[in-house]
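Structure first, commentary second.
The values are calculated or read from the model by the stated rules, or taken from the named source; none is laboratory data. Fair warning: this is a prediction, and the values are worked out from it, not measured in the lab. Ideal geometry is used to build each Cβ from the backbone, glycine not excepted, and the neighbour counts take in all protein chains shown.
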Amino acid sequence: MKSRTSSTLILAIAKMKNIIKDDDNFNQTDQKTGCQRDHLTSHEISMAMSLAPTRFTRLFILLLITTALSACSGSGGGGGGGGSGEPSSIPATPQNILAKLSSDPTKQITLSWGRSPGAASYDVSRRGGVEERQEDLPETGTKHVNNNVTKGQRYTYSVNACNNLGCSRPGSLRVEYAEPEFPLVAPTRLVAEDKVVLQWAPISGADYYNITRNGTVLVPKFQDPRLTSIRYEDESVNLSLNYNYTVSACNGVGCSAITEVVVNENTPSIFPPTGLTATRTSDSVNITWDAATNVTQYQVSRSGGFAVKISNTTASYTDSTPIAGSEYIYSAQVCVGDDNCSSRASIRVDYLVPDKEDIATGLTVAFAASLNAITIEWDAPPKGSGITLYQVARNVSVLATNVSADSNSYESSSYEDTNVTVGNIYEYKVSACNEVGCAVEAASIIVNYQVPNMPRNLVATRLSDRVVLQWDNVTEADYYNITRNGTIQGSNVMELRYEDTDVEQDGIYNYTVSACNIVGCSVPAAFLVDGDTPSIFPPVGLTATRSPDSVTLRWTAATNVTHYEFTRDDGSVIATNVPADSNSYESSSYEDTNVTVGNTYK
């Protein structure tokens, strides 16, 4: 995932502009609320200044800061640099994520979600569809409008709640930007009551239904609160006549193809079954419905397959011959005698395993608090994806087939492997599953269950009253131990920096730094501090970018320096007197054009 720095800069500027806007348009009471709501923290101020790409941008931000803090003065809403206003933890995952589809006048999907306590902003991401993946779209409120959508595409949206301590795991929602499927309508003709009744199973994604009779709209936006069987009664009919009905399912994108129903003297007068539902397993589909009265038997059929009659005492049927990857329509009829049956009540069943869009995301690993145990964790499945379980495998062996998945609560899933050995390398694979089976593609992560690697690039800076050690991050490390002349100087150090203030000005010290985790500690990196140790801090934030004929180094500009010097591999100097401009606060860079493809350089 790309860096969140741009999102942080945009968020800080947006908050300052909101505070200024509030000051222009609201009274003092409303202004105080606005300052507290936008909560401009010292962290965000410093981040905005440090991330600004140019001097002009920094001057613009400084003007916004001055105006925003002035707007909040006396109202208690400035946000401050600490105190009770600062969050103490990362916010919880956003809940109640909903999507509203619309196509008039613009094709768009509008997301909304519940506010997460302690959140200063939200990051919205989208995958799927024919467009490019969208990531880290910042929002300060609880709504996001996505206009770049295409009809007929399926998208997965994720929302993270963020503050200056970090971001939550995402809550996700699967959204189909398409019209609903057409309804499967069963008509009943009640001669004695001069009534026609139309019934169908609810259509996923439908907001309402349009019903016509002989080309005339009866109900433009019919809605029925019943969850398992929708019913419309037309009482303004003369059953000596024939009628042509149409029913279509609609949402914000549009309406489905119409279902045409002809009602004439041959239309059954027996009501079809209601409450038709389907339950899938790995080798069957079980159809159930509400038991009917005064019935002699039921008839069940499957599209392109069987038609069977069953006893009136059993309001269910199990199909043991479904084929994974198929889509079926199951129908049930109520019969009085052999030939007098109702219309078919029908339901669609997708007998499919999850696909590649359902691959687990956010896979992370942690060494458990006890030795010989590894915990892996991943994001909750998207709501609407149909994922019910996860399967976890290690190397070539399946460890678990029923790790729970909860898309409604957005709670992440996890699995603890307690049968691991120090020194081994394991590959874990997590497969998304539903009642039919598991996806072919799986998310994977490789775990090196051993002590961390030795810290690299350990350097020391000797000042008049202290020695400062710095080193690169070690991915597998939980903390670092520091020794001086063989004696523990610092243990459980969490930062990539250590200051030793108990030093003598002409003392000679041999420091070591070890990276540690639950398994143990690495081979130590060592640095001898003596009279020749530099008193200038080394550059930080060093990165390298490759091109076909050069390597470009970049780093954060240091203060009070005149130039930089570069060495490569064996310590030979490749550049001297590279100018430094500490007044501009711009990142510094150097391009090495004397490189050869296929070589490794340090």
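Below, the figures for the structure above:
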| read-out | value |
| --- | --- |
| Complete set of residues in the stretch 401-411 that are farther than 19 Å from residue 281 by Cβ and either among the basic types (Lys, Arg) or not in a loop (DSSP other than H, G, I, E, B) (or both) | 406, 411 |
| Any hit, the stretch 439-461, residues being assigned to a loop (DSSP other than H, G, I, E, B), among the hydrophobic types (A, V, I, L, M, F, W, C), surrounded by fewer than 17 Cβ atoms within 10 Å (Cβ to Cβ) and not assigned by TED's automatic domain parsing to the domain that holds residue 379 | no |
| Positions within the stretch 231-258 being buried (at least 18 other Cβ atoms within 10 Å of the Cβ) and either assigned to a loop (DSSP other than H, G, I, E, B) or more than 34 Å from the chain's Cα centre (by Cα) (or both), in sequence order | 232, 234, 239, 243, 245, 246, 247, 251, 252, 253, 256 |
| Residue within the stretch 262-285 that is surrounded by fewer than 17 Cβ atoms within 10 Å (Cβ to Cβ), within 21 Å of residue 342 (Cβ to Cβ), hydroxyl-bearing (Ser, Thr, Tyr) and over 40 Å from the mean Cα position of the chain (by Cα) present | yes |
| Qualifying residue in the stretch 122-144 (condition: of a type in the set (Ser, Thr, Tyr), in contact with a helix residue (DSSP H, G or I) (Cβ under 9 Å, 6 or more places away or on another chain), assigned by TED's automatic domain parsing to the domain that holds residue 102 and not in a strand (DSSP E or B)) | yes |
| Strands (runs of 3 or more DSSP E) enclosed by the stretch 316-392 - at least 2 residues per element that are farther than 30 Å from residue 452 by Cα | 316-319, 326-335, 345-351 |
| Number of the condition not met by residue 496 [criteria: (1) aliphatic (A, V, I, L, M); (2) loosely packed, with under 11 Cβ neighbours inside 10 Å; (3) under 38 Å from the mean Cα position of the chain (by Cα)] | (2) |
| Tally, over the stretch 360-418, of residues that are aliphatic (A, V, I, L, M), over 20 Å from residue 439 (Cβ atoms) and loosely packed, with under 15 Cβ neighbours inside 10 Å | 3 |
| Test set (1) of a type in the set (A, V, I, L, M); (2) surrounded by 12 or more Cβ atoms within 10 Å (Cβ to Cβ); (3) not in a loop (DSSP other than H, G, I, E, B) - residue 528 fails condition number | (2) |
| Hits in the stretch 169-215 (condition: under 30 Å from residue 146 (Cβ atoms), in a loop (DSSP other than H, G, I, E, B) and polar (S, T, N, Q)) | 204 |
| Residues of the stretch 350-363 satisfying the condition of being in contact with a Ser or Thr (Cβ under 9 Å, 6 or more places away or on another chain) and either β-branched (Val, Ile, Thr) or closer than 19 Å to residue 393 by Cβ (or both) | 354, 358, 359, 360, 361, 362, 363 |
| Enumeration of residues in the stretch 105-148 that are of a type in the set (Gly, Ala, Ser), surrounded by 18 or more Cβ atoms within 10 Å (Cβ to Cβ) and in contact with a His (Cβ under 9 Å, 6 or more places away or on another chain) | 120 |
| Residue tally, condition of a type in the set (D, E, K, R) and on the phi > 0 side of the Ramachandran plot, over the stretch 523-582 | 1 |
| Any chance residue 432 is of a type in the set (Gly, Ala, Ser), closer than 22 Å to residue 173 by Cβ, assigned to a loop (DSSP other than H, G, I, E, B) and in the same structural domain as residue 364 (by TED's automatic domain parsing) | no |
| Verdict on residue 191 being of a type in the set (A, V, I, L, M, F, W, C) and surrounded by fewer than 17 Cβ atoms within 10 Å (Cβ to Cβ) | yes |
| From the options 234, 207, residue that is in contact (Cβ under 8 Å) with a residue 40 or more places away in the chain, acidic (Asp, Glu), assigned by TED's automatic domain parsing to the domain that holds residue 251 and touching a strand residue (DSSP E or B) at 6+ places or on another chain (Cβ under 9 Å) | 207 |
| Filtered residue count, the stretch 304-315, keeping only those that are closer than 22 Å to residue 188 by Cβ and part of a loop (DSSP other than H, G, I, E, B) | 2 |
| Residue 304 being exposed (fewer than 13 other Cβ atoms within 10 Å of the Cβ) and within 46 Å of the chain's Cα centre (by Cα) | yes |
| Residue 523 being surrounded by fewer than 14 Cβ atoms within 10 Å (Cβ to Cβ), touching a Ser or Thr at 6+ places or on another chain (Cβ under 6 Å) and touching a residue at least 40 places away in the same chain (Cβ under 8 Å) | no |
| Subset of the stretch 149-168 [surrounded by fewer than 19 Cβ atoms within 10 Å (Cβ to Cβ) and touching a Ser or Thr at 6+ places or on another chain (Cβ under 7 Å)] | 164, 165 |
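Results for (1) free of Cβ contacts under 8 Å to residues at least 40 places away in the same chain; (2) charged (D, E, K, R); (3) part of a strand (DSSP E or B), shown as yes or no for each residue.
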{"site": "538", "(1), (2), (3)": "no, no, no"}
{"site": "541", "(1), (2), (3)": "no, no, yes"}
{"site": "546", "(1), (2), (3)": "yes, yes, yes"}
{"site": "575", "(1), (2), (3)": "yes, no, yes"}
{"site": "578", "(1), (2), (3)": "yes, no, yes"}
